[in-house]
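Before any comments, here is the structure.
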Amino acid sequence: MLQERIELIEQQNYEVATKLKEAGLKPCVAIINANIKDEPSQRYIRKKTNKLDEYDVGTELIQIGNDGTLGDIVEAIHRCNYDSTITSIILQLPLADKFKKWEKKLIEMIESEKDIDRLRSEWYYCDSFTDLPLTAEGMYRTLLGVEGIGNKKILFYGNGVTTNRRLYLFMFNAGFGDCRIINSKTPTKSKNELIEWADVIVAATGIPESLACEGKIIISPTIAKTEDGFRSDLIHKLRDKNEVHNVIGGIGKLTVSALVKRAYTDCTEGER
């Protein structure tokens, strides 16, 4: 079962972190949040900081208030870049609406060696899964547990920068089966045809119950809270008609464990 694989990967990530912690490394992760009204982001940040604290990773949370400016974000990034005690930087996404048009430029301002989430453009055509964004790394390692994945038709449903866009490029270039990607601009007819075509669907739009299909292997890292409870991209009543691999907090926990591991593996001898 893929869920067992997810739990194994999570355990392996923490084992790596524990060994490096025992070796005396002292990483510190700065998290810059410029969307304090977004409750899902706040919950996710709490999960990250709690787990980082558990593994003795230092954290600095920089909250840009509702009246914050673009200059405040730029200043925070530059300060963290030049602070030798901070070994990694996360720019929490999504940004508040008023900052979204600056997202790419802000990401590029993060020093390469501190870009723990590997979102700078230089990482787009990486050769190793360890240089994928944190969530994409976990999704890739999960997909390797799908029997015969090398010959499967894989559809990436959604084009987000932290997951599907980079994961699609990586797996396509690595020759994994037949990979396609769709987004909100894909015509409905083409979208429906590709959904029908796919064996495996990696659903990461963050839009609850936007995917209708049957007889597929569904892997979805995005779960949203709705009036009817927690929902993934897949229409809830169709869960039993697919092989679904996402539990509440499952992929999120995998991402957090990858964050803890990478906080240590990115921390060099000179940053102890």
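Data table
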read-out: Qualifying residue in segment 35-43 (condition: more than 17 Å from residue 266 (Cα to Cα), open to solvent by less than 30 Å² (accessible area, probe 1.4 Å) and more than 16 Å from the chain's Cα centre (by Cα)); value: yes
read-out: Candidates 49, 59, filtered to the one that is polar (S, T, N, Q), open to solvent by less than 30 Å² (accessible area, probe 1.4 Å) and either under 19 Å from the mean Cα position of the chain (by Cα) or modelled with pLDDT of 95 or more (or both); value: 49
read-out: Residue satisfying all of: in segment 119-151; in contact (Cβ under 8 Å) with a residue 24 or more places away in the chain and in contact with an Asp or Glu (Cβ under 8 Å, 6 or more places away or on another chain); farthest from residue 254 (Cα to Cα) among these; value: 123
read-out: Within segment 1-18, considering residues that are at pLDDT 90 or above, open to solvent by less than 60 Å² (accessible area, probe 1.4 Å) and farther than 11 Å from residue 138 by Cα, the one farthest from the chain's Cα centre (by Cα); value: 18
read-out: Flag if residue 114 is among the basic types (Lys, Arg) and closer than 26 Å to residue 210 by Cβ; value: no
read-out: Which numbered condition residue 162 fails, given (1) of a type in the set (Ser, Thr, Tyr); (2) at pLDDT 90 or above; (3) part of a loop (DSSP other than H, G, I, E, B); (4) touching an Asp or Glu at 6+ places or on another chain (Cβ under 8 Å); value: (2)
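The values are calculated or read from the model by the stated rules, or taken from the named source; none is laboratory data. Please read all numbers here as calculations on a predicted model, not as lab measurements. Using ideal geometry, Cβ is built from the backbone for each residue, glycine included, and neighbour counts are taken over all protein chains shown. Heavy atoms of the whole protein, side chains included, go into the accessibility calculation; ligands, DNA and RNA do not. Shrake-Rupley method; radii C 1.70, N 1.55, O 1.52, S 1.80 Å.
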